[in-house]
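Below: one structure, written as C-alpha cells.
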Amino acid sequence: MRRLLRTVDTTLAIVFGERATAQSALKRIGRSHAPVRGQAADGRAYRARDPELMLWVQATLVLTSVRWYEAIMGRLSERERDAYWAEGKFFAGELGVPKDLFPATYSDLERYEETMLRTVVVPDPTAKVVAHDVVRPYAWLPEVAYWPTDALAAALLPVALRKAFGYRFGTPQRVFYRAVIVAIRALRLLLPEWLTVVPQARRFEKAMNHRREAA
C-alpha cells in the first residue's frame, strides 16, 4: 500500500506539478528503477531501464487511464486522445525512451498494444505470482474480500491478459463494474470538489486560472 501511495503521489506530481517538481519526480523514478535488473524464467536478462520495457509500461498506464476516464466521463475526441498520448510520450522520453520507439498517435498506440499482446506479452508463472501479490497484497484476508477489486481489474484488463491471469468477467462482475461506474458518476455530482478532485489537480487549475486572469 505504501508503494502504491508513493507511486500515485509521484505520478500526480509529474502530471500536475510545476516543471521543477515534475523533473524532480522523474529523477526519483529514474534513480529507483536504475538498479532493478535480473533474469526472466526463460533465461532472458531484463532491466527496468530497458527502453522497450519502459515504453510498454507507459503504454499500459496511458491506455488504462483513458479507458477508465472514458468509462466515467464519456469518450474523448481523437484530438484529445492524441494530446494525452503526446504528454505520455514526453514523460517516457524524459525517462529515456527514444523518440523513434513511440507510436505516433493514440490509434497507433492501440495497435501497438494489440501487437504486443499477440506476440510478446505472454505472462509466465512468475508474472502470475507477482500479479496475484499486487492485487491481493494481504494473504490473511479471505478471498471473498478481494472479489470487488478482482472484478474491477478484470474489467480494465485486455481480454488476453484477463484470461491469462485467470480473472472471471461474467455477469456478476459486469453488473458490479457497471454499478461502480454509475455510482461514481452520481457521486461526482453530489459531493464537493475537494472530495472528487485530487489536491494536485485543484492546485493546478487554480494556478492556471490565476495566469489566465493575469494575462
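Every number in this text was worked out from the coordinates using simple rules, so none of it is lab data. Since we're looking at a predicted model, the values are computed, not measured. Counting neighbours? That spans all protein chains shown, and the Cβs are built from the backbone with ideal geometry, glycine included.
Scanning region 123-131 for residues that are within 22 Å of L55 (Cβ to Cβ), exposed (fewer than 10 other Cβ atoms within 10 Å of the Cβ) and among the polar types (S, T, N, Q) turns up nothing. Please go through region 198-215 and give me each residue that is surrounded by 13 or more Cβ atoms within 10 Å (Cβ to Cβ), of a type outside the set (S, T, N, Q) and under 21 Å from the mean Cα position of the chain (by Cα), ordered by number. Matches in region 198-215: V198, A201, R202, F204.
If the condition is being hydrophobic (A, V, I, L, M, F, W, C) and assigned to a loop (DSSP other than H, G, I, E, B), then region 187-204 contributes L191, V197, V198.
Inspection of region 21-41 finds a residue satisfying the criterion of being of a type in the set (V, I, T) and farther than 29 Å from L152 by Cβ.
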